[in-house]
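Asks: My structure is below; once you've seen it, I'll send some questions.
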Amino acid sequence: MPKYKTLAAAALVAIIAASGAARAEGTDPVIAKVGDQEIHQSELDLAIMSLDPQLQRMPDEQKRAAALSAVIDVKLLVKDAEKEGLQNDETFKQRVAFLTERELHNVFFKKHVVDAVTQEEVKARYDKEIAAIPPQEEVKARHILVKTEDEAKEVIKELDAGKSFVELAKAKSTDPNKEEGGDLGYFTKGRMVPEFETAAFALEKGAYTKTPVKTQFGFHVILVEDKRPQAPPTLEQVEPQVRQLVMRDKYLELLASAKKATAVEISDPALKKAYDEAGKAQESK
């Protein structure tokens, strides 16, 4: 049998959900029975959400089977646990109280953070983040890579004589991209080795290096075909990350408001220091 994540918390929430509107309206069908205990679709859905992340990657039918197996296992032993009075154990009661509070927190978070984010807020945060990015220049370049300085000098002579950079790259370059005429596409600073980058960004559009550029790979002749400001990512490209930022801010605002209304006291000095530092680090992100 696959290794399942403990589903005690999911089972608890399922019991609470059993009296919900969906079941009352008859839209929560019974999918299995364990003795006289019914297993409803809502319980299976909760169990699926609580599966281990590895199991979440399984095909849907396998996930449903794994989740149902876990719910059945729980129900098979619940009555025996109740007969032994384990529901009255103080440790169990503490765990139930903790899980209940955590689930209430999660429901509140979904309502006031996840579901409260608007597209307008995401767009405004995207505009703010883009405005804060320093403009970067990028160049579009080609290169011809050879083993020796003399070979590079010979390439430069042929370029000076009017030969095609692309054709020379195809004929003489040792780089794997020689068939593309040494095309490197667009790149910003920090993407190439320092010697190559310095030479490329020093060139004007349409110019090539008049002396060989030595790097750890050999000797290069570089042609810069274009220079332009780097275009920022579109909102569509980064929307999930921006939405996360908006949700984080909403959550921190909720916590700040709650902390103003309710005092938080931590008796252990070392733990208080660590808690305060973690809070400051979170706020500064």
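Asks: Roughly speaking, what is the stretch gain from Tyr275 to Gln62, that is 0.36 nm per residue apart minus the C-alpha to C-alpha distance, in nm to one decimal?
Replies: Working: separation 213, 0.36 × 213 = 76.68 nm, distance 4.14 nm.
72.5 nm is the gain from fully extending Tyr275 to Gln62.
Asks: In addition: Using θ = phi - 60° and the Karplus relation 6.51 cos²θ - 1.76 cosθ + 1.60, list the HN-Hα couplings for region 85-96 in order, rounded to whole Hz, with x at every Gly or Pro.
Replies: x, 5, 5, 9, 5, 5, 5, 5, 4, 5, 5, 4
Asks: Cα axis of helix 149-160 to longest principal axis of the chain: angle in degrees, 0 to 90, nearest 10?
Replies: 70 degrees
Asks: Calculate, for Gln136 and Glu253, the FRET efficiency according to 1/(1 + (r/R0)^6) with r their C-beta to C-beta distance and R0 25 Å; round to the nearest 0.05.
Replies: Working: r = 32 Å, r/R0 = 1.29.
Using R0 = 25 Å, I get an efficiency of 0.20.
Asks: Amide H neighbours of Leu184 under 5 Å, counting only residues 5+ apart in sequence or on other chains, H built in-plane at 1.01 Å?
Replies: Amide H neighbours of Leu184: Ala141, Arg142, His143.
Asks: Here's another thing I want to ask about it. Return the FRET efficiency for the residue pair Lys111, Glu236: r is the Cβ-Cβ distance, R0 is 22 Å, and the value is rounded to the nearest 0.05.
Replies: Numbers: r = 27 Å, r/R0 = 1.21.
Plugging the Cβ-Cβ distance into 1/(1 + (r/R0)^6) gives 0.25.
Asks: To make sure I understand the rule: partners must be lysines, Cα under 22 Å from the Cα of Lys272, and not fewer than 8 residues away in the same chain. Which ones qualify?
Replies: Once the sequence-local lysines are set aside, what remains near Lys272 is Lys259, Lys260, Lys280, Lys285.
Asks: Just add up the charged neighbours of Gly85: K/R +1, D/E -1, any other residue whose Cβ is under 14 Å from the Cβ of Gly85. Provide the component values of the computation, followed by the final result.
Replies: On the way: positive: Lys79, Lys83, Lys93; negative: Asp80, Glu82, Glu84, Asp89, Glu90.
Here the count lands on -2.
Asks: Given the rule -39500 (n - 2.57) for each run of at least 4 DSSP H residues, summed and divided by the residues of the chain, what is its mean residue ellipticity at 222 nm, to the nearest 500 deg cm²/dmol? List each step's numbers first, then the result.
Replies: Working: 12 runs with 156 residues, N = 285.
That calculation yields -17500 deg cm²/dmol at 222 nm.
Asks: Each residue of region 267-274 in order: what ³J(HN,Hα) in whole Hz does its phi give by Karplus 6.51 cos²θ - 1.76 cosθ + 1.60, θ = phi - 60°, with x for Gly and Pro?
Replies: For region 267-274, the Karplus-derived couplings read 6, 7, x, 5, 5, 5, 4, 5 Hz, x marking Gly and Pro.
Asks: If you don't mind, there's one more thing I want to ask. I need the Debye-formula profile for the chain: one equal scatterer per C-alpha, no solvent, reported as log10 I(q)/I(0) at q = 0.07, 0.12, 0.16 1/Å, two decimals.
Replies: -0.58, -0.93, -1.23
Asks: Still on this structure, please answer the following. Please list 3J(HN,Hα) in residue order for region 167-174, calculated via the Karplus relation 6.51 cos²θ - 1.76 cosθ + 1.60 where θ = phi - 60°; whole Hz, with x for glycine and proline.
Replies: For region 167-174, the Karplus-derived couplings read 5, 5, 4, 4, 7, 10, 6, 9 Hz, x marking Gly and Pro.
Asks: Quote the FRET efficiency, to the nearest 0.05, computed for Asp226 versus Ala124 with a Förster distance R0 of 41 Å and r equal to the Cβ-Cβ distance.
Replies: On the way: r = 33 Å, r/R0 = 0.80.
Efficiency computed from Cβ-Cβ geometry: 0.80.
Quick note: the coordinates plus some simple rules give every number you see, no bench work behind them. All figures in this text were calculated on a predicted structure; none of them were measured in a lab. Positions of Cβ are generated from backbone atoms using ideal geometry, with glycine treated the same way; all protein chains shown enter the neighbour counts.
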